[in-house]
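Asks: I'd like to ask you about the structure that follows.
The values are calculated or read from the model by the stated rules, or taken from the named source; none is laboratory data. Note that this is a predicted model, so its numbers are computed, not measured. No Cβ is skipped: glycine too gets one built from the backbone with ideal geometry, and neighbour counts run over all protein chains shown. Just so you know, the surface numbers come from the protein's heavy atoms only, side chains and all, with ligands and any DNA or RNA stripped out. Shrake-Rupley method; radii C 1.70, N 1.55, O 1.52, S 1.80 Å.
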Amino acid sequence: MRNFKELEVWKEGRVLSKNIYLLTKTLPDDEKFGLISQIKRCVISIPANIAEGAAKNSQKDFARFLQISLGSCFELESHLILCMDLEIINNSETLGNLKSIQQLQKKIYSLIKYVSTKI
């Protein structure tokens, strides 16, 4: 069992979640049950799956939960790009978040590769 609170990817996922939650407050109210809901679900899934995977006994299970977390990162990136396409979100603020998401994707992917070597 690992201490998920010591994992850099979990810490970054937590910060990203806070930033994205603040960003969703700027989206139109009519997106409350559409994009806002989807965005919030996938962003909190990132650190949650890292934490859940860290509790698993096997490296294979940990890697699987990291892959789920990585999938949520890509889903979040897609939603934010769509918001920019629809012009319902501040592009400059969103670009900074997209950069953070892409960096986190690389770190999670690297951790998956590392954990997979231990299987």
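Asks: State whether the residues of the range 91-99 include one that is within 18 Å of Lys18 (Cβ to Cβ), touching an Asp or Glu at 6+ places or on another chain (Cβ under 8 Å) and not basic (Lys, Arg).
Replies: yes
Asks: Could you please give the count of residues in the range 92-109 that are among the hydrophobic types (A, V, I, L, M, F, W, C) and more than 16 Å from Leu7 (Cβ to Cβ)?
Replies: Going through the range 92-109 one residue at a time, the tally reaches 3.
Asks: Also, quick follow-up: Return the only residue of Ile68, Ile44, Ile81, Ile36 being modelled with pLDDT of 95 or more, in contact with a Phe, Trp or Tyr (Cβ under 9 Å, 6 or more places away or on another chain) and of a type outside the set (Ser, Thr, Tyr).
Replies: Sole residue among the options that is modelled with pLDDT of 95 or more, in contact with a Phe, Trp or Tyr (Cβ under 9 Å, 6 or more places away or on another chain) and of a type outside the set (Ser, Thr, Tyr): Ile44.
Asks: Sticking with this structure for a sec: I want to confirm something. Restricting to the range 68-104 and keeping residues that are within 18 Å of Val115 (Cβ to Cβ) and in contact with a helix residue (DSSP H, G or I) (Cβ under 6 Å, 6 or more places away or on another chain), which single residue is most open to solvent (accessible area, probe 1.4 Å)?
Replies: Restricting to residues being within 18 Å of Val115 (Cβ to Cβ) and in contact with a helix residue (DSSP H, G or I) (Cβ under 6 Å, 6 or more places away or on another chain), the top hit is Ile68.
Asks: Would you please list the contacts, defined by Cβ atoms under 7 Å and residues six or more apart or on different chains, that run from a residue in the range 85-106 that is free of Cβ contacts under 8 Å to residues at least 12 places away in the same chain to a residue that is assigned to a helix (DSSP H, G or I)?
Replies: From the range 85-106, the pairs are Asn91/Met84.
Asks: Which ones in the range 38-52 are without any contact (Cβ under 8 Å) to a residue 24 or more places away in the chain and open to solvent by less than 30 Å² (accessible area, probe 1.4 Å)? So that I can check it myself, show each step before the final result.
Replies: Restricting attention to the range 38-52, the residues satisfying the condition of being without any contact (Cβ under 8 Å) to a residue 24 or more places away in the chain are 40-41, 48-49, 52.
Asn49, the sole residue that qualifies.
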